[in-house]
Amino acid sequence: MATTAAILLSAGESTRMGETKALLPWGEASLIEHQVDVLTSAGLSPIVLVLGHQSDKLEALVGSRAGVECVYNPDYIQGRTTSVKAGVRALRRLQRTHSDAAAMAAILVLGVDQPRSRETIRSVMDLHGDGAWLITVPTYQGRGGHPVIFSSSIMDEMMEVSEDTLGLKGLVRRHEAQTQWVEAGSPELLLDLNTPDDYRRALDTLA
C-alpha cells in the first residue's frame, strides 16, 4: 500500500520571533512535539524532521520517536529551500535502505511554525486522494494554505528548488495545470507563527 511521507521543516533561527519557535508552548507540549505527534497520528510515514539552529536540543525532544528521521541541514542559514532539499535527500536515502517498505506516493511539506490538528492534516491528505493531481494546495476562503502535498514523481524537481526561483512556490507555478487549489474549510490552514503577535493570535484561536 502506498504511503504519504512528511517533511517537517524546523531549521531556522526564528529571528522575527526572538526565540526558537519549535520550543514555544502549544497545548500541553512544545510546538515541535505537537507537530510530530499530529503527523504521526495522521498516519504519515516516514516523517523527516529537518533541523539546523539548536538541532541538538530539538532532536533530544523528538528524535527517538518511532518513524521520525532527524536530519541536520548545515546550509539552513541560506534559506528554506536548502531544508526542503535536505528532507527530500533523506527520503531518497530511506527508500534505498528500506527496500521492503511500502511505496511512497506523496510528500507532505509543513513548517514547524504552522501548527495543525490531526483532522486538518487528514483532510488535506483526503483531498489529495489517489494522486490524480501532482500537487494539492488547500485553501481557506480563497487563500492558499499549508500543508501542501507533492506527488513523489516530482522529487527530482523538488531537489532543484532555490530561493532565486521562489522555492516550492515556483514549483507550484510551473505545474499550475496539474495543481488543485481546493477549499478545505479551516482557518487553521493559514496559521503561520512568524512574530510574537502571530503567536499570541494563534493561542487565542487555540483557546
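No lab work stands behind these numbers, since they all come straight from the coordinates. Note that the structure is predicted; figures quoted are calculated from it, not measured. All Cβ positions, even for glycine, are placed from backbone atoms using ideal geometry, and neighbour counts span all protein chains on display.
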- For the residues THR20, THR205, what sequence is obtained by ranking on other C-beta atoms within 10 Å, fewest first? THR205, THR20
- Note on the structure: The alpha-carbon pair-distance distribution computed for the range 126-171, with 10 angstrom bins and whole-percent values, is 25, 50, 24, 1
- About its Cα centre, what dipole magnitude does the chain give when the only charges are +1 on Lys and Arg Cβ and -1 on Asp and Glu Cβ, stated in debye to the nearest 20? 220 debye
- Task: Using all C-alpha to C-alpha distances in the range 17-93, build P(r) with 10 Å bins and read off the rounded percent in each one.
- Result: 18, 51, 29, 2
- So, with +1 on the Cβ of K and R and -1 on the Cβ of D and E, and no other charges, what is the size of the charge dipole of the range 1-115 about its Cα centre, to the nearest 20 debye? 440 debye
- Note on the structure: Given Cβ charges of +1 for Lys and Arg and -1 for Asp and Glu, the option among GLY67, TYR199, PHE150 whose Cα lies farthest towards the positive end of the dipole of the chain is PHE150
- Just name one of LEU190, THR165, SER14: the one whose Cα is farthest towards the positive end of the charge dipole of the chain (beta-carbon charges, Lys/Arg +1, Asp/Glu -1). THR165
- Peptides ranked, highest mean first, by Cβ atoms within 10 Å: ranges 8-14, 87-93: 8-14, 87-93
- Message: Could you give the length gained by full extension between LEU61 and LEU94, i.e. 0.36 nm per residue of separation minus their alpha carbon distance, to one decimal place?
- Response: 9.7 nm
- For LYS169, counting only lysines whose alpha-carbon sits under 20 Å away and dropping same-chain residues fewer than eight positions off, the answer is LYS85
- Query: In deg cm²/dmol and to the nearest 500, what is the mean residue ellipticity at 222 nm of the chain if only DSSP H runs of at least 4 residues count, each as -39500 (n - 2.57), divided by the residue total?
  - Reply: -10000 deg cm²/dmol
- Query: How many angstrom separate the Cα center of the range 71-98 from the Cα center of the range 125-149?
  - Reply: 22 Å
- So if R0 is 41 Å, what FRET efficiency would GLU119 and MET155 give, r being the distance between their Cβ atoms, rounded to the nearest 0.05? 0.90
- Take the Cα gyration tensor of the range 3-206, multiply each eigenvalue by 5, square-root it, and list the three semi-axes largest first, rounded to whole angstrom. 23, 21, 17
- Query: Ordered by packing density, taken as the mean number of other Cβ atoms within 10 Å over each peptide's residues, highest first, how do 166-176, 194-204 rank?
  - Reply: 166-176, 194-204
